[in-house]
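What follows is calculated from the coordinates using simple rules that are stated; it is not laboratory data. As the structure is a computational prediction, the values presented were derived from the model and not from experiment. Using ideal geometry, Cβ is built from the backbone for each residue, glycine included, and neighbour counts are taken over all protein chains shown.
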Amino acid sequence: MSMSEFLLQNYLTIKALHIISIICWMAGLFYLPRLYVYHTKAKVGSELDQTLQVMERKLLKMIMNPSMIASFVFGILLIYIIGFESGKWLHVKILLVLIMAFTHGLMAKYRKDFAMGKNIKADKFYRVLNEVPTILMIIIVFLAITKPF
């Protein structure tokens, strides 16, 4: 059995794993900026600061990063199965997913800023940042389901 045949036979399993990975990744993308909102109120070096740093690090390293990687792996397998030329909707979706990954990277950078006691952003910034993954997710889901173009 060739790799293409194997992937085609397991399309629904790969799709399910892709969706599960995305759900886990999105949960982290929704929660991490909310932790940052609370973290802006914590005094550097305080018990709350230390607790939030642990929570943020574990969320990013143990949930968000592996989920993002799995989302990309299963997504690439799905693209291989359906073909990159499935429609312009797929190209737009990929662009939006890359923007989502960039947002993930920014959140990782902000975690390091908090860990070094060098956060300069206000809670309102993180409240707005909290909306970015939501908006991207809504558009991505509509593209994937409706395939409008």
Going by alpha carbons, how many degrees (0 to 90, nearest 10) lie between the helix axis of 65-82 and the longest principal axis of the chain?
20 degrees
Over the stretch 3-146, what is the mean sequence separation of C-alpha contacts under 8 Å (at least six apart), divided by residue count, expressed as relative contact order in percent?
39 percent
Taking a point 7 angstrom from the Cα of Leu48 along the C-beta vector, which residues in the stretch 92-133 have backbone N less than 18 Å away?
114-127
Most packed first (mean Cβ within 10 Å per residue), the peptides 28-39, 12-23 order as 28-39, 12-23
Could you work out the relative contact order of the stretch 62-149? I mean the mean sequence separation of Cα pairs under 8 Å and 6+ apart, divided by the number of residues, in percent.
48 percent
What is the calculated FRET efficiency for Ile76 to Glu131, with r their C-beta to C-beta distance and R₀ = 22 Å, to the nearest 0.05?
0.20
Rounded to the nearest 0.05, what FRET efficiency do Ala16 and Leu98 give with R0 = 30 Å and r taken as the Cβ-Cβ distance? Could you check?
0.85
Quick one: how many lysine pairs does the stretch 1-138 have with C-alpha atoms less than 18 Å apart and a gap of 8 or more or different chains? Give me the count, please.
17
For Ser46, Ser67, what ranking results if the residue with the fewest other Cβ atoms within 10 Å of its Cβ goes first?
Ser46, Ser67
Cα principal axis extents for the stretch 86-149, largest first, Å:
46, 18, 11
Taking 0.36 nm per residue of separation and subtracting the Cα-Cα distance, what length does fully extending Ile120 through Phe30 add?
30.3 nm
By how many degrees, between 0 and 90 and to the nearest 10, does the Cα long axis of helix 88-115 differ from the longest principal axis of the chain?
20 degrees
Does a label point 7 Å from the Cα of Leu7, set along Cα-to-beta-carbon, have any residues of the stretch 45-79 with amide nitrogen under 12 Å, and which are they?
73-79
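Reported to two decimal places, what Rg/Rh ratio describes the chain when computed on Cα atoms with Rh from the Kirkwood expression?
For the chain, the value is 1.07.
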Net charge (Lys, Arg +1; Asp, Glu -1) of residues whose beta-carbon lies under 15 Å from that of Phe142, Phe142 excluded, is +3
When the Karplus curve 6.51 cos²θ - 1.76 cosθ + 1.60 is applied with θ = phi - 60°, which whole-Hz ³J(HN,Hα) does each residue of the stretch 142-149 get, with x for Gly and Pro?
4, 4, 5, 7, 8, 6, x, 8
